[in-house]
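*Asks:* Sharing a structure here in structure tokens format.
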Amino acid sequence: MNLIVLGPPGAGKGTQAKIIEDALGLVQLSTGDMLRAAARAGTEIGLQAKEIMDRGDLVSDDIVIAIVADRIRQPDCKNGFILDGFPRTLQQAAALDQLLTEQNKSLSAVIELKVEDAALIERISGRFTCSDCGEGYHDSFKKPRIDGQCDKCGGTEFTRRPDDNAETVRNRLMNYYRDTSPLLGYYFCQNKLKSVDGMAAIDDVAKEIKGVLSSLRG
């Protein structure tokens with residue numbers, strides 16, 4: 001079974017991909033992780049990617065697609081994979097279709113996590129973590145039991161990611177709707193798109209995805 005998980009930033013794609021990976025024995029493939037792994041491995045394409053990333057530039061579609069193609073050929077992907085963060089554009093989706101055809105593979109489904117923009121902005125912009133142990137918290141949904149003190153380690157220093165703010169999240173959403181949301185129509189027309197409620201609790205989302213995948217397997 002070969003899957004794509006789609007949705008705007010902060011929708012929980014990585015979390016759900018990990019749950020699917022553990023449940024079905026598939027391999028979760030994150031574009032960022034694949035790029036970094038290829039760079040560490042010192043492959044020709046990996047070194048090209050490293051040089052570009054070290055400059056702070058975006059890696060071209062050609063390089064990303066070549067790295068994806070190499071990765072899904074690996075033996076651990078024999079039983080299937082889950083793409084998280086790729087494709088991001090219609091051009092990448094078309095290239096993915098081509099490389100899957102070349103490898104005699106196909107997509108089983110594209111799982112869309114549907115979320116509300118306002119709730120998503122609140123979800124992301126309220127996140128913070130303990131500086132000592134990395135335990136995650138949220139201004140609205142998961143405050144420390146004792147204000148200013150980590151529940152897990154007792155630490156009193158907390159940090160927020162610089163890009164976890166409302167303005168940045170809105171910009172990321174704008175990029176998603178401009179570049180990535182057209183993929184929903186693309187995969188709908190291929191009869192691959194399966195939409196689930198990404199606003200539900202993590203376990204409930206996972207249960208709904210499990211139901212969708214069970215129906216695919218017959």
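The values are calculated or read from the model by the stated rules, or taken from the named source; none is laboratory data. What you are looking at is a predicted structure, and each value in this text was computed from that prediction instead of being measured. Every residue, glycine among them, receives a Cβ derived from its backbone with ideal geometry; neighbour counts consider all protein chains shown.
*Asks:* Taking only region 19-41 into account, find how many residues are surrounded by 15 or more Cβ atoms within 10 Å (Cβ to Cβ) and basic (Lys, Arg).
*Replies:* Count: 1.
*Asks:* Considering 49, 69, which residue is without any contact (Cβ under 8 Å) to a residue 40 or more places away in the chain, touching a Leu at 6+ places or on another chain (Cβ under 6 Å), closer than 21 Å to residue 6 by Cα and surrounded by 13 or more Cβ atoms within 10 Å (Cβ to Cβ)?
*Replies:* On the way: 49 fails: closer than 21 Å to residue 6 by Cα.
That would be 69, the only listed residue that is without any contact (Cβ under 8 Å) to a residue 40 or more places away in the chain, touching a Leu at 6+ places or on another chain (Cβ under 6 Å), closer than 21 Å to residue 6 by Cα and surrounded by 13 or more Cβ atoms within 10 Å (Cβ to Cβ).
*Asks:* For region 132-148, check the following and say yes or no: at least one residue is at pLDDT below 90, of a type in the set (Ser, Thr, Tyr) and surrounded by fewer than 14 Cβ atoms within 10 Å (Cβ to Cβ).
*Replies:* yes
*Asks:* Of all residues in region 198-218 being closer than 23 Å to residue 87 by Cα and at pLDDT below 90, which is surrounded by the fewest Cβ atoms within 10 Å (Cβ to Cβ)?
*Replies:* 216
*Asks:* Please return the ranges of strands (runs of 3 or more DSSP E) entirely within region 110-218 where 3 or more residues are of a type outside the set (A, V, I, L, M, F, W, C).
*Replies:* 136-138, 193-197
*Asks:* If residue 117 satisfies every condition in (1) buried (at least 18 other Cβ atoms within 10 Å of the Cβ); (2) of a type in the set (D, E, K, R); (3) modelled with pLDDT of 90 or more; (4) closer than 29 Å to residue 166 by Cβ but one, which is the exception?
*Replies:* That leaves (1) as the condition not met.
*Asks:* For residues that are closer than 17 Å to residue 1 by Cα and in contact with a Pro (Cβ under 7 Å, 6 or more places away or on another chain), tally how many sit in region 72-119.
*Replies:* Result for region 72-119: 1.
*Asks:* Let me ask something additional. In the set 125, 106, 195, which member is in contact with a helix residue (DSSP H, G or I) (Cβ under 7 Å, 6 or more places away or on another chain), surrounded by fewer than 17 Cβ atoms within 10 Å (Cβ to Cβ), of a type in the set (Gly, Ala, Ser) and in contact (Cβ under 8 Å) with a residue 40 or more places away in the chain?
*Replies:* Numbers: 125 fails: surrounded by fewer than 17 Cβ atoms within 10 Å (Cβ to Cβ); 195 fails: in contact with a helix residue (DSSP H, G or I) (Cβ under 7 Å, 6 or more places away or on another chain).
Of the residues listed, the single one that is in contact with a helix residue (DSSP H, G or I) (Cβ under 7 Å, 6 or more places away or on another chain), surrounded by fewer than 17 Cβ atoms within 10 Å (Cβ to Cβ), of a type in the set (Gly, Ala, Ser) and in contact (Cβ under 8 Å) with a residue 40 or more places away in the chain is 106.
*Asks:* In addition: Across region 162-176, what is the number of residues that are under 17 Å from the mean Cα position of the chain (by Cα) and touching a residue at least 24 places away in the same chain (Cβ under 8 Å)?
*Replies:* 5
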